[in-house]
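The values are calculated or read from the model by the stated rules, or taken from the named source; none is laboratory data. Here the structure is a predicted model, which is why all the values come from computation and not from measurement. Here the Cβ is made from the backbone with ideal geometry for all residues, glycine too, and neighbour counts use every protein chain on show. Ligands, DNA and RNA are excluded from the accessible area calculation, which covers all protein heavy atoms including side chains. Shrake-Rupley method; radii C 1.70, N 1.55, O 1.52, S 1.80 Å.
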Amino acid sequence: MKIAISAREQTLKSLVDLRFGRCNCFIVVDTATGDYRAVSNNQNLNAAQGAGIQSAEIVSRQGVEAVITGHCGPKAFRTLSAAGIKVFTGAEGTVADTVEKFKKGMLTEAEEADVEGHWI
Amino acid sequence: MAPAKDKAAAKDKDKAADTVAGVVAGESGKVKDVAARVGVTVSFTKYQNGGGNVLCRDLMGPVHWVYPSGGNKMTINLTVAVASGKGGTGKTTVSVNLACAAVAAGYKAAYLDSDVEEPNGHLFLKPRISRRYPVSVPVPVIDAEKCIACSSCGEICQYSAILCINKNVLTFEKMCHGCGGCQLACPVAAIAEKGRKIGIVEEGVAGEISFVHGKLNIGEAMSTPLIKAVRSAGPDNSLRIVDAPPGTSCPVITAIKGVDFVILVTEPTPFGLNDLGLALDMIKELGIPHAVVVNRSNPYNSLARDFCREREVKLLAEIPDDRRIAEAYSRGELAFSAAPAYRGVFEDLLISIEKEARR
Ligand code: SF4
Ligand code: SF4
């Protein structure tokens, strides 16, 4: 299963970026093989609005089934849901740890946006 | 002097005042006659205004304009915006008092509050609202039956307001600028339009002032269409005073674009002048004639005066830092009626604006 994690840097050792729409990049991990790839999100870092929507589009193009991040706003959540992507919020620590937690089923799926847009 | 005579004199004096306010152009002689009888000196300044009305400045009060006969208002076609680099400088104080000075001077005048996020002119003018209508922006509606999920709409939208994902088209109405681009881009005409309400415009009268303001819905980010609606309301052939939103961004530019003259209100503080500088840059870019009015001014503080000299911008008036004005403001009263001593400030400002705008 392919998942995307919002990250500060482009490696597995990087910390999870708590922001979904305005994270530096996404680490796309294949949980079966452990292969990973970093996908840049920096076109969005400076977007005045709609960053969450654009990010959701970026990850959906990667064909992921789940997104793991710190917080997710309503517009991004709606876009991800429409794309059939599950959202897990409240992640922290490194990307590698987060992947492990995900595999063990220790993360909870978000049922709605957990922050208002532009929370940061 | 016998009391009867006193009474007669007082009556004459009243009559003189009435006459001053009532004569038409060319009849200044009559005013002088009456004035001479009751012992008041009157001097006249020729003041050309379309129909050739005369402005007379007498010694009984600050300034009186002479109305055309029949009590009709003088017509004028002038739009003046009152703006400021930051909020709370006294923009509304200047706008509403200017509107009062204008009707007192015999103009047909309108006050248009385009500070739609926080309109507050109504607190002072206390208008009677007679018309109320919503303002909407067009947003796309998707016909899912027709849609072939080609993604063209999402690609053309500059505002991430529409997006085709997983064969679904999502719209984010609050982000849509209503440009119609998606509708044009859709190859199968699956996109129609509906209106999304962003606020209302209210029109009415406050005494003789025509009153218009816009109220943006709470939490609404799209304000420019509402500002445009406020700007296009109100009577023609009048002195239209536009109370602009504070700052230097899109809403202000929408409010002041195309006006004849802009007054920038500032306070003589370093913060105030910094923001005034930004506002000046913006206005120069737009190429609109403008001048500065300093609010809460005191004779010993020359910061604003120096600033205007440096930036080579005209300083049209200084409104004194006076408790009476502040108190009137906090009670929601007009300085024009609560502190009559300052009427002259606004009346003179009006004259200066007229002169400047006609250059
Ligand atoms: S009308 Fe313009 S702004 Fe609105 S969704 Fe369509 S393309 Fe985007
Ligand atoms: S452009 Fe038209 S057909 Fe294509 S995805 Fe958008 S709504 Fe559907």
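For (1) within 14 Å of another protein chain (Cβ to nearest Cβ); (2) in contact with a strand residue (DSSP E or B) (Cβ under 6 Å, 6 or more places away or on another chain); (3) in contact (Cβ under 8 Å) with a residue 40 or more places away in the chain, each residue gets a yes or a no:
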site	(1), (2), (3)
A:ILE27	no, yes, yes
A:GLY34	no, no, no
A:GLN43	yes, no, no
A:GLY50	yes, no, no
A:HIS71	no, no, yes
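Name the one entry in B:LEU112, B:LEU123 that is at pLDDT 95 or above and either in a loop (DSSP other than H, G, I, E, B) or more than 14 Å from ligand 1 (Cβ to nearest atom) (or both). Working first, answer last.
Details: B:LEU123 fails: at pLDDT 95 or above.
Every option except B:LEU112 fails the conditions.
Looking at region A:94-110, can you tell me whether even one residue there is within 14 Å of chain B (Cβ to nearest Cβ) and on the phi < 0 side of the Ramachandran plot? Give the derivation first.
From region A:94-110, those within 14 Å of chain B (Cβ to nearest Cβ) are none; that's our starting set.
So far as region A:94-110 goes, no, none of its residues is within 14 Å of chain B (Cβ to nearest Cβ) and on the phi < 0 side of the Ramachandran plot.
Starting from residues that are surrounded by 23 or more Cβ atoms within 10 Å (Cβ to Cβ) and assigned to a loop (DSSP other than H, G, I, E, B), keep the ones in region A:52-69 and report whichever is farthest from the other protein chains (Cβ to nearest Cβ).
Step one: of region A:52-69, the residues surrounded by 23 or more Cβ atoms within 10 Å (Cβ to Cβ) are A:52-53, A:55-56, A:59, A:64, A:67-69.
Among the residues that remain, those that are also assigned to a loop (DSSP other than H, G, I, E, B) are: A:64, A:69.
On the way: A:VAL64: 12, A:THR69: 18 Å.
Here the residue is A:THR69.
Which residue pairs have Cβ atoms under 7 Å apart, sit 6 or more places apart or on different chains, and have a first residue in region B:167-182 that is away from ligand 2 (no atom under 15 Å from the Cβ) and a second that is open to solvent by 30 Å² or more (accessible area, probe 1.4 Å) and not in a helix (DSSP H, G or I)?
From region B:167-182, the pairs are B:LYS174/B:ALA221; B:MET175/A:GLN49; B:MET175/B:TYR159; B:HIS177/B:TYR159; B:GLY178/B:PRO138.
Taking only region B:159-176 into account, find how many residues are part of a strand (DSSP E or B), facing chain A (nearest Cβ under 9 Å) and open to solvent by less than 10 Å² (accessible area, probe 1.4 Å).
The total comes to 2.
For every residue, the table says whether it meets (1) open to solvent by 30 Å² or more (accessible area, probe 1.4 Å); (2) closer than 29 Å to B:GLU220 by Cβ; (3) part of a helix (DSSP H, G or I).
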position: A:GLN10; (1), (2), (3): yes, no, no
position: A:VAL28; (1), (2), (3): no, no, no
position: A:THR33; (1), (2), (3): yes, no, no
position: A:GLN49; (1), (2), (3): yes, yes, no
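Quick one: in region B:111-166, of everything that is more than 16 Å from ligand 2 (Cβ to nearest atom) and out of contact with any strand residue (DSSP E or B) (no Cβ under 7 Å at 6 or more places or on another chain), which residue is nearest to B:LYS257 (Cα to Cα)? Give the steps one after another, and end with the answer.
Going through region B:111-166, the residues more than 16 Å from ligand 2 (Cβ to nearest atom) turn out to be B:111-137.
In the following step, the residues that additionally are out of contact with any strand residue (DSSP E or B) (no Cβ under 7 Å at 6 or more places or on another chain) were identified as B:118, B:120, B:123-124.
Values: B:GLU118: 20, B:ASN120: 22, B:LEU123: 26, B:PHE124: 26 Å.
It comes out as B:GLU118.
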